[in-house]
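Asks: Sharing a structure below in structure tokens format, with a few things to ask.
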Amino acid sequence: MGTVTIGVSIAVPEPHGSLLQELRAGFGDAAAHGIPTHVTLLPPTEVGAGELPAIEAHLVDVAAARRPFPMRLSGTGTFRPLSPVVYVRVVEGAEECAWLQKQVRDASGPVARELLFPYHPHVTVAHGIDEAAMDRAYEELSGYEAQWPCTGFALYEQGPDGIWGKLREFPFGSAVVPPQATAPTEDATLPARRA
């Protein structure tokens with residue numbers, strides 16, 4: 001059956017997702033349009049195609065154990081010089097993301113794996129581009145703000161063309177969104193771009 005490359009992530013919803021994707025492309029990141037804007041729970045991982053049903057069953061269980069929580073993005077950070085990445089910071093919802101990614105990669109589960117770096121939830125806005133463009137991404141998005149209620153996560157597969165496509169969504173077990181998580185999705189601010 002061969003192997004597939006999968007990932008698990010929390011999608012950044014509209015209008016925030018498309019806006020950040022367009023900005024990422026504008027900074028010169030050629031991969032931007034092939035990667036939906038997201039917070040990673042499981043980085044790209046090669047698995048046997050026949051393992052997908054067991055992985056999906058595991059993800060159903062992980063999602064069922066959680067309830068919706070507020071997510072908020074604010075400002076920028078970078079992994080440089082360790083890794084050529086500029087990102088928007090997750091300032092609310094980070095603990096929940098950390099719990100979820102640990103459960104997804106649980107040693108007793110079908111996608112047990114170690115990470116190359118300690119887990120740090122974030123939304124990548126520039127990766128592997130020249131330093132000047134990385135600096136511009138860091139500066140231009142330093143005042144970025146967005147928030148939304150996170151109600152689940154999704155499983156993605158990377159196609160032969162390198163583009164990531166969603167295979168399935170996994171909603172959290174409770175449909176009740178905590179009151180603090182009901183902020184309108186339009187709540188995003190972006191400073192004016194400098195010429």
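The values are calculated or read from the model by the stated rules, or taken from the named source; none is laboratory data. These figures come from a predicted structure and were not determined experimentally. Every residue, glycine as well, gets a Cβ built from its backbone with ideal geometry; the counts of neighbours run over all protein chains shown.
Asks: Please determine, by comparing only the residues of segment 63-99 that are assigned to a helix (DSSP H, G or I) and in contact with a Phe, Trp or Tyr (Cβ under 7 Å, 6 or more places away or on another chain), which one is nearest to P149 (Cα to Cα).
Replies: Out of the qualifying residues, it is E96.
Asks: Does any residue in segment 1-27 that is free of Cβ contacts under 8 Å to residues at least 24 places away in the same chain come within less than 8 Å, Cβ to Cβ, of a residue that is crowded, with 16+ Cβ neighbours inside 10 Å and among the hydrophobic types (A, V, I, L, M, F, W, C) six or more places away or on a different chain, and which pairs are these?
Replies: G17/A11; Q21/A32; Q21/I35; E22/A32; A25/A32
Asks: Is it true that some residue in segment 41-53 is without any contact (Cβ under 8 Å) to a residue 24 or more places away in the chain, under 15 Å from the mean Cα position of the chain (by Cα), under 22 Å from V4 (Cα atoms) and crowded, with 20+ Cβ neighbours inside 10 Å?
Replies: No, there is no match, as no residue in segment 41-53 is without any contact (Cβ under 8 Å) to a residue 24 or more places away in the chain, under 15 Å from the mean Cα position of the chain (by Cα), under 22 Å from V4 (Cα atoms) and crowded, with 20+ Cβ neighbours inside 10 Å.
Asks: Still on this structure, I have one more. Can you give me the ranges of the strands (runs of 3 or more DSSP E) entirely in segment 125-189 with at least 3 residues that are modelled with pLDDT of 90 or more, surrounded by fewer than 19 Cβ atoms within 10 Å (Cβ to Cβ) and not hydrophobic (A, V, I, L, M, F, W, C)?
Replies: Fully inside segment 125-189 and qualifying: 152-158, 164-171.
Asks: On to the next question. Show the residue pairs that are 6+ apart or on different chains and have beta-carbon atoms under 9 Å apart, the first residue being within segment 102-119 and touching a residue at least 12 places away in the same chain (Cβ under 8 Å), the second being surrounded by 13 or more Cβ atoms within 10 Å (Cβ to Cβ) and acidic (D, E).
Replies: Q103/D61; G109/D61; P110/E51; V111/E51
Asks: Hey, A11 hits all of (1) more than 17 Å from V91 (Cα to Cα); (2) buried (at least 16 other Cβ atoms within 10 Å of the Cβ); (3) of a type in the set (G, A, S) but one; which does it fall short on?
Replies: It fails just one condition, (1).
Asks: A follow-up question, please. Just the residues that are of a type in the set (K, R) and touching a helix residue (DSSP H, G or I) at 6+ places or on another chain (Cβ under 9 Å), please, taken from segment 137-169.
Replies: Hit for segment 137-169 is R168, nothing else.
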